[in-house]
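Read the figures in this text as sums done on the coordinates, not as results from a lab. Predicted model, so just to flag it, every value in this text is computed and none were measured. Cβ sites come from the backbone with ideal geometry, for glycine too, and all protein chains shown count toward neighbours.
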2 protein chains.
Amino acid sequence: MNTDVSEILKRNQLSVTESRRRILDLFKNNNGALAHADIEKHTGEQFDRVTIYRTLQTFVEKGIVHTIPTADNSVLYALCKDDCEPGHHHDNHIHFICDQCGTTYCLDHLTIPQVSLPHGFRETRTDLVVSGKCDKCA
Amino acid sequence: MNTDVSEILKRNQLSVTESRRRILDLFKNNNGALAHADIEKHTGEQFDRVTIYRTLQTFVEKGIVHTIPTADNSVLYALCKDDCEPGHHHDNHIHFICDQCGTTYCLDHLTIPQVSLPHGFRETRTDLVVSGKCDKCA
DNA sequence: TAATGTTTTGCAACAAAGTTGCAAAATAAA
DNA sequence: TTTATTTTGCAACTTTGTTGCAAAACATTA
Ligand SMILES: [Mn+2]
Ligand SMILES: [Mn+2]
Ligand SMILES: [Zn+2]
Ligand SMILES: [Zn+2]
């Protein structure tokens with residue numbers, strides 16, 4: 001599993017460091033989305049807060065994880081499963097946030113419908129976030 | 001225009017205070033969305049930061065304005081045009097955020113398409129936010 | 001209009017979240 | 001192994017948001 005993670009880092013021209021391996025590993029073994037605070041909890045006192053911020057930022061830039069906007073103004077991060085590239089994400093799937101348990105699901109098989117914008121408007125990114133209760137909490 | 005604004009406040013069982021009139025007026029004369037910082041700028045040193053926070057919170061609760069989630073983790077507020085009620089918003093329209101000029105548009109005539117969720121998932125709120133370049137910046 | 005009760009405001013103090021510069025440590029390249 | 005490059009942790013700081021409480025503003029009633 002570590003080799004797996006290291007491969008991803010190398011493929012993206014990133015130095016393989018302990019924090020990056022550890023954080024990427026967390027995403028791999030946690031098929032929901034993670035907030036900055038979640039990562040801080042899971043990694044304990046192991047890494048500095050600043051390192052986590054910078055690592056997440058790097059991962060987003062490289063197209064390894066994508067961000068998910070939420071109604072309550074907290075940023076969530078989840079692994080990219082599509083062929084995302086630096087500066088150009090393709091995670092056009094719907095996200096579901098459970099109000100009860102807090103879990104965020106990447107609904108990979110549900111693609112975001114095409115929106116026909118008013119004349120002159122150019123789309124570069126679309127987020128479709130549904131919140132409510134998940135199957136376990138309903 | 002002030003009477004207009006006062007009416008809205010009274011209709012929602014809110015005391016008519018200067019800060020509430022002023023802030024609601026801002027929304028009326030600004031048909032995009034406003035961030036907390038925007039309001040702080042427009043009203044100058046007139047009101048305390050805390051008052052603005054509390055006023056926005058009150059407006060959201062009463063269904064006078066609604067929030068718009070953004071990819072960059074900043075909360076935006078916009079006037080409700082539909083028949084929103086306390087604790088129950090009906091602003092199911094698409095939002096567009098221009099990366100260039102920063103303007104946020106409520107695309108009232110574009111309703112959010114129905115999403116068929118996996119079995120057991122219950123929807124309570126759906127946000128569809130498109131970002132890119134608006135007609136003025138394209 | 002004036003007196004009274006209720007709500008809202010501003011202040012201060014605090015907590016949480018995020019950013020930046022820089023020297024030390026870790027990693028990659030030679 | 002040595003050297004060059006990148007990343008990390010620390011400290012200090014900024015920005016954003018929250019809370020308790022007394023003073024001020026507002027609504028109500030007489
Ligand atoms: Mn996702
Ligand atoms: Mn809107
Ligand atoms: Zn749940
Ligand atoms: Zn624009």
For this session: Would you mind ranking B:Phe59, B:Phe27 so that the residue whose beta carbon has the fewest other beta carbons within 10 Å leads the list?
Result: B:Phe27, B:Phe59
Problem set entry | Reference-scaled alpha-carbon Rg (2.2 N^0.38 Å with N residues) for the protein assembly as shown | 1.11
For this session: In nm to one decimal, list the spacings between the B:His88 label point and its equivalents in the other copies, with label points set 7 Å along Cα to Cβ, shortest first.
Result: 4.6
Problem set entry | 10 Å Cβ neighbours from other chains, averaged over peptide B:67-75 | 5
Exercise. In a shell of Cβ-Cβ distance under 9 Å around B:Cys106, excluding B:Cys106 itself, what net charge do Lys and Arg (+1) and Asp and Glu (-1) give?
Worked result: -1
Problem set entry | Distance violations [Cα-Cα > 26 Å] among B:Lys41/B:Lys136; A:Lys62/A:Lys136; A:Lys28/A:Lys133; A:Lys133/B:Lys133; A:Lys41/A:Lys62; A:Lys136/B:Lys81 | A:Lys62/A:Lys136; A:Lys133/B:Lys133; A:Lys136/B:Lys81
Seminar exercise, completed: Taking chain B and counting helices only, DSSP H stretches of n ≥ 4 at -39,500 (n - 2.57) each over all residues, the nearest-500 ellipticity at 222 nm comes to -9000 deg cm²/dmol
Exercise. What list do you get for A:Arg22, B:Arg54 if you sort them by fewest beta carbons within 10 Å?
Worked result: B:Arg54, A:Arg22
Exercise. What are the label-to-label distances in nm, one decimal and shortest first, from B:His109 to the same spot in the other copies, with labels 7 Å along Cα to Cβ?
Worked result: 3.7
Problem set entry | Prolate/oblate/rounded label for the stretch A:11-58 (Cα gyration tensor, a/c 1.5) | oblate
Exercise. What does the average come to when, for each residue of peptide A:108-115, you count the partner chain Cβ atoms lying within 10 Å of its Cβ?
Worked result: 3
For this session: Calculate how steeply helix A:2-11 sits against the longest principal axis of the alpha-carbon atoms of chain A, using the helix alpha-carbon long axis, and give the answer as 0 to 90 degrees to the nearest 10.
Result: 70 degrees
Exercise. Which distances, shortest first and in nm, link A:Glu61 to the matching position in the other copies, using label points set 7 Å out along Cα to C-beta?
Worked result: 4.2
Seminar exercise, completed: Rg/Rh over Cα atoms for the stretch A:2-132, Kirkwood Rh, comes to 0.98
